[in-house]
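A.B. asks: One structure, pasted below without further comment.
The values are calculated or read from the model by the stated rules, or taken from the named source; none is laboratory data. Note that the structure is a prediction, hence the values are computed from the model and not measured. Here Cβ is always computed from backbone atoms with ideal geometry, including for glycine, and neighbour counts include all displayed protein chains.
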């Protein structure tokens, strides 16, 4: 993954008045703007006896102002070959390999609007990937960057690839590799990138010059702990899957439908840090072995124990089913799925409404589409036995 620092051939530094640390800026304009605002000072060894620039110095990557690098007589030219701001061809390309400067604004505006952030869009001249970053308000060294570019690494340069990666390799929130998805159209990629910016808006505002506490808390942290539980359950044949659960709940299952759910205690109004429970997808309402823990290690140990018990119980059930007539209870699973469908869809609708009330229109649409898919799957199963 290309890092922002790799795009710079020259470093522009200033000393933060707040922290006293030397900060590397993306370009001279950003550095000069920070100095003019009074938040930073140019190091003594760089001043060279010259006065700092006076007056407004536009940022070439700003969506609010054009960047005029030409002569005063070049009216209508913003210095990047785009012509007047209003005359740019900002229509999104059908091929990701055609992404260029013209499309930065549309992607940046979409991410700003959805997330409530005020980000900076940049572009990698080598790959054409659009880069979106925020930082902690000063935007000096953003810890995370959203990349929108071509899926050329996998031999499909026409596809649009959206990923979220540490800008400089520091990954305090453990997000590396969690977001990496490809799309056929630019509109789909733009929509997803906006959702990513909103979901990880807190992490996007981290500044790489700051230190963050990454030690595990006494409560289940879905982002930080999920992978650790999955690794522990892997030897028992369990892996993470999207069970349509609430935020703060992770589900891990095996090939026979056995499921172990891990949740934070506050999901169930409990003071415990971890809640571990199990069930089989044939009857998700029949929850087994629910226990609460304050220690992550204890929760992991019990999750493994519960996974083994579920597998053993399931094997006994399979043996019993082998003794039954072939037609007995053949629609039981479908009956249970249909019985549980209203409860599950109700949760989808409640979450959609909650997101809509918080102006999360795109997330509300996604949740409603998930609800529709659940209903369509049941209809398909019914049609097969009609």
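A.B. asks: In this structure, is residue 149 surrounded by fewer than 16 Cβ atoms within 10 Å (Cβ to Cβ), under 20 Å from residue 122 (Cβ atoms) and in contact (Cβ under 8 Å) with a residue 24 or more places away in the chain?
C.D. replies: Details: surrounded by fewer than 16 Cβ atoms within 10 Å (Cβ to Cβ): no; under 20 Å from residue 122 (Cβ atoms): yes; in contact (Cβ under 8 Å) with a residue 24 or more places away in the chain: yes.
Taking the combined requirement at face value, the residue does not satisfy it.
Listed here are the residues, each with its yes/no results for (1) modelled with pLDDT of 90 or more; (2) surrounded by fewer than 19 Cβ atoms within 10 Å (Cβ to Cβ); (3) part of a loop (DSSP other than H, G, I, E, B).
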residue	(1), (2), (3)
165	yes, no, no
188	yes, yes, no
192	yes, no, no
197	yes, no, no
202	no, yes, no
211	no, yes, yes
240	no, yes, no
245	no, yes, yes
263	no, no, no
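A.B. asks: Let me ask another. Among the residues in the range 330-349, are any exposed (fewer than 11 other Cβ atoms within 10 Å of the Cβ) and either modelled with pLDDT under 65 or over 35 Å from the mean Cα position of the chain (by Cα) (or both)?
C.D. replies: Yes: the range 330-349 contains one or more residues that are exposed (fewer than 11 other Cβ atoms within 10 Å of the Cβ) and either modelled with pLDDT under 65 or over 35 Å from the mean Cα position of the chain (by Cα) (or both).
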